[in-house]
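The values are calculated or read from the model by the stated rules, or taken from the named source; none is laboratory data. As the structure is a prediction and not an experimental result, all values here were calculated from the model. Methodologically, a virtual Cβ is constructed for each residue, glycine included, from the backbone with ideal geometry; neighbour enumeration extends over all protein chains shown. These accessible areas exclude ligands, DNA and RNA; they are computed on the full protein's heavy atoms, side chains included. Shrake-Rupley method; radii C 1.70, N 1.55, O 1.52, S 1.80 Å.
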Amino acid sequence: NLGNMPDPGEWSVVVSDENVFFRVQEWASARGVVIEASRPQQENENLGDMSLSRDGRVVAFRRGGGGTGIENQIFVRDLDSGTEVLASGAPDGSFGNGGADEPEISANGRRVVFATAATNLDTHGVPGVFVFDRDSETVTRLDLSLQGEPPDGQREGHGSLSADGSLVAFSHYA
């Protein structure tokens, strides 16, 4: 059961109760993304925190938990090519060892900022705010002091990217 389709002109993501997949839906005045059935969804699997590029071609989202055996991670999917990459991964390609959430994609679809509790994304070994660059396929910590040290407090909120992804605003406790 996919529920009601959104009104024409709305950006929307629809999550079914049994399966998950992405489909681009054209409406009268907008392009949206619909999540439907392509693979069985694991029991208690988390899927959400969607963010779309301005042209609706690229979506960043959170997925994990439940029977998947992984913490929530951030993924980026190109809806035209169907390719999907892990944005919240460690340098060795493994999943982050802590949950990630609150992805926001730049308007041009190149960069994704997210928050994570993972400690294996960089050499600092503490949770933080990171950005994934789709062109270089790199993950970079953002919340460093002028001395290059991560904050000693908890991060708060999520990052916000400029249209081209070159500037990021975020908050955390010092």
Failed condition for GLN42, given (1) at pLDDT 65 or above; (2) closer than 30 Å to ASP122 by Cβ, with all others met?
(1)
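Per-residue answers, yes or no, for (1) of a type in the set (S, T, N, Q); (2) in contact with a strand residue (DSSP E or B) (Cβ under 8 Å, 6 or more places away or on another chain); (3) on the phi < 0 side of the Ramachandran plot:
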site: PHE61; (1), (2), (3): no, yes, yes
site: VAL76; (1), (2), (3): no, yes, yes
site: SER94; (1), (2), (3): yes, no, yes
site: SER106; (1), (2), (3): yes, yes, yes
Would you pick out the residues in segment 116-133 that are open to solvent by 60 Å² or more (accessible area, probe 1.4 Å) and either under 19 Å from ALA169 (Cα atoms) or not in a loop (DSSP other than H, G, I, E, B) (or both)?
PRO127
Please go through segment 134-148 and pick out each residue that is touching a residue at least 40 places away in the same chain (Cβ under 8 Å) and open to solvent by 50 Å² or more (accessible area, probe 1.4 Å).
ARG134, GLU137
Within segment 83-99, residues in contact (Cβ under 8 Å) with a residue 12 or more places away in the chain, surrounded by fewer than 20 Cβ atoms within 10 Å (Cβ to Cβ), not aliphatic (A, V, I, L, M) and not in a loop (DSSP other than H, G, I, E, B) come out as PHE95
Test for ASP80: is it part of a loop (DSSP other than H, G, I, E, B), surrounded by fewer than 21 Cβ atoms within 10 Å (Cβ to Cβ), of a type in the set (D, E, K, R) and at pLDDT below 90
yes
